[in-house]
1. For the stretch B:258-306, enumerate the residues that are part of a helix (DSSP H, G or I), in contact with a strand residue (DSSP E or B) (Cβ under 6 Å, 6 or more places away or on another chain) and modelled with pLDDT of 80 or more.
2. Test residue B:327 against the criterion of being more than 18 Å from residue B:265 (Cα to Cα) and either part of a helix (DSSP H, G or I) or modelled with pLDDT under 80 (or both), and give yes or no.
3. Would you check which residues across the stretch B:88-105 are touching a Lys or Arg at 6+ places or on another chain (Cβ under 8 Å) and more than 14 Å from residue B:182 (Cα to Cα) and list them?
4. Picking from A:87, A:73, A:80, which residue would you name as being farther than 18 Å from residue A:141 by Cα, assigned to a strand (DSSP E or B) and in the same structural domain as residue A:25 (by TED's automatic domain parsing)?
5. Can you find a residue in the stretch A:158-171 that is in contact (Cβ under 8 Å) with a residue 24 or more places away in the chain and closer than 30 Å to residue B:321 by Cβ?
6. Conditions first: (1) in contact (Cβ under 8 Å) with a residue 12 or more places away in the chain; (2) among the hydroxyl-bearing types (Ser, Thr, Tyr); (3) within 11 Å of chain B (Cβ to nearest Cβ). Residue A:176 passes all but one, so which condition is the exception?
7. For the stretch B:228-238, does any single residue satisfy the condition of being at pLDDT below 85, over 30 Å from residue B:159 (Cβ atoms), not charged (D, E, K, R) and not assigned by TED's automatic domain parsing to the domain that holds residue B:160?
Amino acid sequence: MMRPGGTPTAVMSGEHSLPVLPGLRELLPGGELARGTVVTVPDFGLLPLALAAGASAAGAWCGLAGVEEAGVLAAADLGLCHDRTLLCPQLGSRWPQVVSSLADGCEIVIVRPPAMLPAQLRHRMEAALRRAGGVLLVAGEWPGAHLELRVTRREWSGLGAGHGRLRACRAQVLVSGRGAAGRIRDGWLWLPAEDGSISPAEPPLQTVRDLPQRELSAHPHLHVAGAG
Amino acid sequence: MSRATASGRPGAPGKARGGGEAQRVMVVSSPDAGAEESGQLAALVTGYCPTVESVRLGVCAFAARGPARYFGGEEALGSRIVEAAAAAGLGCRVGVADGLFAALLAAGPADGADPVTVVPAGGTPRFLAHQPVSVLEDTDLAGLLRRLGIRTLGDFAALPADAVASRFGEAGEAAYRLARGEQPRPLAVSAPPDDLAVSAGFDPPQPLAEPVVFAAKALAEQLHAGLAARGVSCVRIDVQVSWADGHHSSRLWRHDGLLTAVQVADRVRWQLDAATPGDADGAAGGGITLLRLVPDQLVRAAGQQLALWGEAVVPGKVARAAMRVQALLGQDAVLRPVRSGGRSMCDQIHLSPFGADPEPRLPAGRPWPGRIPGPAPAVVYPEPRPARVTDLAGEPVTVSGRCTVSGAPAELAVDGGPPLAVTGWAGPWPLAERWWDPSAAVREARFQLVTADGRAWLAAVRDGAWQVEAGYC
């Protein structure tokens, strides 16, 4: 996506959005993360860290809450600046307050909620998030999230039967959203590439067998979008 | 020539400005003392001199001239204090010299049986000349001096002052003044403005120590900001606490412009522990009503430069957010990662609580052969998860002492979960670390596995059992 001036978007922290890594721009509506929104991924992994890395590298602070086993080293390789990272591994029972506090200080907060929040509390947190202008990345469920990303297929390369080492992973990422971001996109990414970064990947040549059938039937236009 | 330059600088700090002539200082040191013993020791010494400064835990100092004259000499005063401390069950050593630095060294461990060491007036430079440069607190500087062939403080003090200043900078200049038996920094001539003291009142009185210590951290930050705004730092900090029943506790702690807010809060905690023995919280006196931090002996700030690499400046709103979470969950709940050395995934990141100095445990940036190359795992389990790996025949896969695998892994079950078919694997990569220390020794054989669901794992065999250390997903 290009602005009238011809410069690519999402280079600096904007007023209304946070930049993402160049490899992820194609996948996201507007090529950025809109401030004040909630983005979900089903499980914690490299994807939420990659989503936060672009903003962190551009100077944003990142909070990482409720994920004891977060691989900080992988995050650093993606570009997440560890000088601007706050970790809060144990959330305890007052976790909504903890997450709200973190969201007041950090532009991006990754959280794996220990439990589903009641709708009322959820709306209150969303309102606070809009005021603070941050982005909440939820590893788990969050009804009414603006954007949902999920890895549908994943292929590691470099490892044979008793030889080699893990080198890179090609993953298909499906992005769905509500409102203006409603169009479903999908794309293949190196998640990560051999140097630990994220970049767009060519779809694999052979058909991968474990494609979930229901995703296809629910979104018949998936094939068209996948070409881009 | 040098004379002309010296007189040409009217503001230059010299002996005449009170910076050079060091006063007689007596140090009472009980290195093994905890917070409570250290409080007892300070109370005991206060019986001989009303203004006592706590240098650190178990070490206090005071100006010796007046008390020594009253008690019949420095030697006699020192012996009295040692006897009184022994009667109270505290072992201590006493050192007297010109200036705090030399007195601290004199009170340090010595081979002589006499617990009192008196360096005669004017004899301090000679006393210091025999000390090795390693007594300087700045270990970097001490190492550098040793490599340059300067082994004692006497050698260091013999260097020309201007050469030291230009070669070793502000820190070297301060150490040079110490080595010559002078004050490390000239005292600031201006009187301390009253508004630099900060205080927090508690209404209703706070019965618990923890919230007071927490408030102390914020107060210390306020104090440091006030000092920094005037370009000064304080040599000592006076911590004053008042309880609801009317009793007070006031102690001077060494600061030297080096303490962080958290370290000041630590001193407040020690003081509270000592003030109410056996009852760490302040409930004894009906709760704490007032905490006041007063900077003492202002000196011009030499400028603590922020690290060029590593620590980023924390903006106010982030610090506030982190401190709010710390107030909810405790000091250790908010962590900052620091890249560290080491071979395992857990070693390569060190987590330090927010507000503390982040310091890598093992040096990063050096080769650590034996690290797993390639992309780092996104999930690193704080405690490895038990796993079961079987070969095609359903037998558990084992690794011999010579690193041969009993069979190709075919199935992986993590933490008692359903078995996943293994589609690719590599290993074993042996790792034997710290074999010289049985409590920290690690001996394991590591594998990478890819399972049919597309996930990849870092697994290891340790003491014959499989465990999953990290996941790539």
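1. Let us first name the residues in the stretch B:258-306 that are part of a helix (DSSP H, G or I), namely B:261-275, B:282-285.
The next check asks that each one be in contact with a strand residue (DSSP E or B) (Cβ under 6 Å, 6 or more places away or on another chain); those that pass are B:267-268, B:271, B:275, B:282, B:285.
If the condition is that a residue be part of a helix (DSSP H, G or I), in contact with a strand residue (DSSP E or B) (Cβ under 6 Å, 6 or more places away or on another chain) and modelled with pLDDT of 80 or more, then B:267, B:268, B:271 are the ones that fit.
2. Numbers: more than 18 Å from residue B:265 (Cα to Cα): no; either part of a helix (DSSP H, G or I) or modelled with pLDDT under 80 (or both): yes.
Answer is no for this residue.
3. Within the stretch B:88-105, just B:96 meets the criteria.
4. Values: A:73 fails: assigned to a strand (DSSP E or B); A:80 fails: assigned to a strand (DSSP E or B).
Just one listed residue meets the conditions, A:87.
5. no
6. (3)
7. The answer is yes; a qualifying residue exists.
Rundown of residues vs (1) buried (at least 17 other Cβ atoms within 10 Å of the Cβ); (2) under 17 Å from the mean Cα position of the chain (by Cα); (3) part of a loop (DSSP other than H, G, I, E, B), yes/no style:
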{"site": "B:318", "(1), (2), (3)": "yes, no, no"}
{"site": "B:322", "(1), (2), (3)": "yes, no, no"}
{"site": "B:344", "(1), (2), (3)": "yes, no, yes"}
{"site": "B:350", "(1), (2), (3)": "yes, yes, no"}
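The values are calculated or read from the model by the stated rules, or taken from the named source; none is laboratory data. Remember, predicted model here, so these are calculated numbers, not experimental data. Every residue, glycine among them, receives a Cβ derived from its backbone with ideal geometry; neighbour counts consider all protein chains shown.
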